[in-house]
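> Pasting a structure below so you can have a look.
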Amino acid sequence: MILNLYKKNLNTLLLYFLFLLLFIISQNKIVYSEDSPLQIDIMGGRVQAMPLAISYFFINKDVINNDELEKKIPDLITNNLVNSGLFKLLNRDAYMQKPSQLINTPPKFRDWRIIDAQALITGNIEKKEENKIKVNVQLWDIYGEKRMFGISLSSKIKSWRRISHIISDKIYERLTGEEGYFDTRIVYVAESGEQKNKIKRLAIMDQDGANHKYLTNGKSLVLTPRFSPNQQKITFFSYNGINRGLKPSVYIYNLLTGKIEILGEFAGMSFAPRFSPNGKELIMSLAKNGATNIYIMNLENKKIKQLTTGRSIDTSPSFSPDGEKIIFNSDRSGGQHLYVMKKNGKNIKRVSFGRGSYATPVWSPRGDYIAFTKFTRGRFFIGLMHPDGSSERLIAEGYLTEGPTWAPGGRVLSFFRQTPKEDGNMKTRLFVIDITGNRERELITPGDGSDPAWSPKNLK
């Protein structure tokens, strides 16, 4: 009897520990304690969104009366964080403290734990001088009952959106440990008109679609824009001028001055160039004498050096973040696959071995992934692999899905997708997705858009 009782108790104890272990595993996405600062763990696949409370900011309307900035700034911060897929906003109707009660004093942590807030964002807006404001923001760890950080930014009132993006980056970085990407821009090809006679203009916007602006007038066909490392210049490919025989040319657009510089005409260009990480070189593919190879141009002296040789088609090159290696696609093995080589063109190694055709590879900013377009079994995909070709996986698909580009930090990508319409034309849209493939969303633009390129962190 004693033995049976012992076995029963032992089984109960084991069952209890099993449930405890499962509970711990299920809760390990968000880490917080008195001794360790609150931080969301995003290393796994699916991540449980962290519940955030983001209060409206306090503003003295007797001093500042401008378009409800006390709501617009925290709302934009909210949109940025929620769109990342890593956070969710708790209903503001449940907040027990008003914005005026959260200034220059710690919150009542117990009141925020009741609504399950893991972190709280508070702020106030002050008038600095005419047409200028100062925004003060605090991030609080509710369970640790401590302030995680504070930030104060001063700027012109009209720059409130950028202030919001910078604050969003700081909060994102503090809670994830990764680089933020909200204070960035995206350049793309804006498309309009009928399918057979598309007008393609260079356009730029903030990463959330705001501050949209056309950079070219549509009189010339523009393709595949790329940002420079300092994000103040864009290189793009254009067929400019019927009288010149529609020769493909490479241009550099200076965002600070609005001036366009032509680098040269390249009759055999097959893919738009990309900048090197230091911004001193351009890498491109050119077709000459029946072969397409990879070339590199020194931007100081405009000298061009050939990196690959042979009769194969070598195209779509992209630098590694340290500038020492280049990824490109080639049909030298029969099918269209991805290859890595040193910057000098040596030690070429095939890294893709899956079924289908690979194209448009792009090295991630932190060097851990290669993003690419893949066509297999009649479908297009956006895929990821490590630089050695391992751990290949597909994260997005569609009728025509292609052209990945990385956001700073290397966790989020943009791409474009074409889908047929009932009138026979194609609808082309931009999308954003993270590396898990779980949070795809459309990036809203005034019309059709293709060939996105994400800027480095904003320097404007």
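The values are calculated or read from the model by the stated rules, or taken from the named source; none is laboratory data. Not measured: the values here are computed from a predicted model. As a convention, Cβ positions derive from the backbone with ideal geometry for all residues, glycine included, and neighbour counts pool all protein chains shown.
> Would you check if Thr308 is touching a strand residue (DSSP E or B) at 6+ places or on another chain (Cβ under 8 Å) and outside any strand (DSSP E or B)?
Answer is yes for this residue.
> Would you please list the contacts, defined by Cβ atoms under 7 Å and residues six or more apart or on different chains, that run from a residue in segment 176-194 that is under 16 Å from Gln232 (Cα atoms) to a residue that is among the aromatic types (Phe, Trp, Tyr) and not in a helix (DSSP H, G or I)?
Thr184/Trp454; Ile186/Trp454; Val187/Phe227
> Within segment 372-397, how many residues turn out to be under 19 Å from Arg441 (Cα atoms), surrounded by 18 or more Cβ atoms within 10 Å (Cβ to Cβ) and not hydrophobic (A, V, I, L, M, F, W, C)?
2
Per-residue answers, yes or no, for (1) among the hydroxyl-bearing types (Ser, Thr, Tyr); (2) at pLDDT 90 or above; (3) not assigned by TED's automatic domain parsing to the domain that holds Arg311:
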residue: Thr216; (1), (2), (3): yes, yes, no
residue: Thr235; (1), (2), (3): yes, yes, no
residue: Leu263; (1), (2), (3): no, no, no
residue: Arg274; (1), (2), (3): no, yes, no
residue: Gly290; (1), (2), (3): no, no, no
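> Take segment 338-371 and flag every residue that is free of Cβ contacts under 8 Å to residues at least 40 places away in the same chain, surrounded by 21 or more Cβ atoms within 10 Å (Cβ to Cβ) and out of contact with any His (no Cβ under 9 Å at 6 or more places or on another chain).
Within segment 338-371, Tyr339 is the sole residue that qualifies.
> Go through Leu139, Leu153 for me and flag whichever is free of Cβ contacts under 8 Å to residues at least 24 places away in the same chain and in the same structural domain as Pro51 (by TED's automatic domain parsing).
So the residue among Leu139, Leu153 that is free of Cβ contacts under 8 Å to residues at least 24 places away in the same chain and in the same structural domain as Pro51 (by TED's automatic domain parsing) is Leu153.
> Is there a residue being in contact with a Ser or Thr (Cβ under 7 Å, 6 or more places away or on another chain), modelled with pLDDT of 85 or more and either among the acidic types (Asp, Glu) or farther than 16 Å from Val189 by Cα (or both) anywhere in segment 243-256?
The answer is no; no qualifying residue exists.
> Does segment 128-142 contain any residue that is out of contact with any Gly (no Cβ under 9 Å at 6 or more places or on another chain), closer than 30 Å to Phe237 by Cα and surrounded by 18 or more Cβ atoms within 10 Å (Cβ to Cβ)?
no
Residues checked against (1) under 30 Å from Leu413 (Cβ atoms); (2) not in a strand (DSSP E or B):
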{"position": "Gln101", "(1), (2)": "no, yes"}
{"position": "Ile121", "(1), (2)": "yes, no"}
{"position": "Asn124", "(1), (2)": "no, no"}
{"position": "Asn136", "(1), (2)": "no, no"}
{"position": "Ser152", "(1), (2)": "no, no"}
{"position": "Lys170", "(1), (2)": "yes, yes"}
{"position": "Gly180", "(1), (2)": "yes, yes"}
{"position": "Arg201", "(1), (2)": "yes, no"}
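> Hey, can you tell me all the residues within segment 103-119 that are outside any helix (DSSP H, G or I), farther than 26 Å from Val63 by Cα and either in contact with a Leu (Cβ under 6 Å, 6 or more places away or on another chain) or free of Cβ contacts under 8 Å to residues at least 24 places away in the same chain (or both)?
Listed by number, the residues that qualify are Lys108, Ile115, Ala117, Ala119.
> Going through segment 402-445 one residue at a time, which ones are over 20 Å from Leu86 (Cα atoms) and in a loop (DSSP other than H, G, I, E, B)?
Lys421, Glu422, Asp423, Gly424, Asn425, Ile444, Thr445
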